[in-house]
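Below is one structure; the comments refer to it alone.
The values are calculated or read from the model by the stated rules, or taken from the named source; none is laboratory data. Predicted model only: the values in this text are computed from it and were never measured. Backbone-built Cβ (ideal geometry, glycine too); neighbour counts: all protein chains shown. Please note that ligands, DNA and RNA were not included when accessible areas were found on the heavy atoms of the full protein model with its side chains. Shrake-Rupley method; radii C 1.70, N 1.55, O 1.52, S 1.80 Å.
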Amino acid sequence: MKKTVVLGASDNPSRYSFLAVERLREKGHPVVAVGKREGKINDTLILTGEPLVNDVDTVTLYLNPVLQVAAYDYILGLKPRRVIFNPGTENDELEEMLRSKGIEPVEACTLVMLAAGMY
């Protein structure tokens, strides 16, 4: 299973980040939800700030590129294997930074990847 940090998590059920946390958990992936406000997605707490997380396989982004800038160091510091840029989060600058550190940037939709068995 792939430990995943959902960055930009929301406790609003109409948000894609909420659905991503639910679907990742349904598929058995350990999830750390990080958002701008504390909350809960079913039994998953939404953490704020830059929580220390070890052994991260994937970071999936639900932050627009402007908000990502403040999180660059945090994302790189998690040392994930890959970062998924969900639709609307594409960011050439961050993608290049990731590549330079040997981290794979993936422009895709986490929900589609999970549904298609490609996660």
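Structure values in brief
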item	result
Selection from segment 41-50 of residues that are more than 21 Å from Y74 (Cα to Cα) and open to solvent by less than 20 Å² (accessible area, probe 1.4 Å)	I41
Scan of segment 82-108 for residues that are surrounded by fewer than 14 Cβ atoms within 10 Å (Cβ to Cβ) and touching a strand residue (DSSP E or B) at 6+ places or on another chain (Cβ under 7 Å), ordered by number	R99, E104, E107
Residue tally, condition over 14 Å from T58 (Cβ atoms) and of a type outside the set (G, A, S), over segment 90-106	10
Hits in segment 1-31 (condition: open to solvent by less than 40 Å² (accessible area, probe 1.4 Å) and polar (S, T, N, Q))	T4, S10, S17
Condition met for E38 (in contact with a strand residue (DSSP E or B) (Cβ under 8 Å, 6 or more places away or on another chain), modelled with pLDDT of 95 or more and loosely packed, with under 15 Cβ neighbours inside 10 Å)	yes
Odd one out for T110 among (1) of a type in the set (V, I, T); (2) within 22 Å of S10 (Cα to Cα); (3) out of contact with any helix residue (DSSP H, G or I) (no Cβ under 6 Å at 6 or more places or on another chain)	(3)
Some residue of segment 56-65 being open to solvent by 100 Å² or more (accessible area, probe 1.4 Å) and touching a Ser or Thr at 6+ places or on another chain (Cβ under 9 Å)	no
